[in-house]
């Protein structure tokens, strides 16, 4: 199997309750992706809402919330991560239900691993072509398109500097960046430290004050706006 098409270790949420199938599939996927595996639909929804994944691979029949309901709940939460639905059901109605719920593609079990990987690569290419998304609380940030989306889907345009600042903070969400760190990474040589505060203000004004958190005496880090 060719793993050269994806060398960035994209994060994949894999939802499968059959232990034997999961073990084999994880072994294959882990050659290419960072895999987070869960066996229950309810747990999977919690992970999907709290984590940032590049792909989701979801079985149709699951304990707790089934695959179609899981996909629908993820889409209701405005998470646009590509989802490939796995199904042992040959009924057209079942496949249509999964696609209508928001899945991007489906694959019928038993499947060939080469085909699985090819479909995942295709979904990931399309996702990245649209601009890699970062989820900041209830906001969606697309650095490639210099945009921030509100919970209702309203697009807010960002300047190059605003985008660079938000991209820096969101790339390391647990890190508190000092003004000097931000100044060196985002701004031109000779800019004053006050420029950092100015652009933080601009971003907050365009979205919500909670999008960037002030850590008194230390600097800034990405927040979790709601």
For residues that are on the phi < 0 side of the Ramachandran plot and not in a helix (DSSP H, G or I), scanning just the range 67-81, find the one that is surrounded by the fewest Cβ atoms within 10 Å (Cβ to Cβ).
77
For the range 82-92, does any single residue satisfy the condition of being part of a loop (DSSP other than H, G, I, E, B) and either at pLDDT 90 or above or crowded, with 18+ Cβ neighbours inside 10 Å (or both)?
yes
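Here is a yes/no grid of residues against (1) outside the structural domain of residue 166 (by TED's automatic domain parsing); (2) crowded, with 17+ Cβ neighbours inside 10 Å; (3) in a helix (DSSP H, G or I):
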position	(1), (2), (3)
31	yes, no, no
46	yes, no, yes
49	yes, no, yes
65	yes, yes, no
Exactly one of 102, 98 is at positive phi, modelled with pLDDT under 90 and buried (at least 17 other Cβ atoms within 10 Å of the Cβ), and that one is 102
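The values are calculated or read from the model by the stated rules, or taken from the named source; none is laboratory data. Being a predicted model, the structure only gives us computed values, none of them experimental. Because the Cβ atoms are built from the backbone with ideal geometry, glycine has one as well, and the counts that use them run over all protein chains shown.
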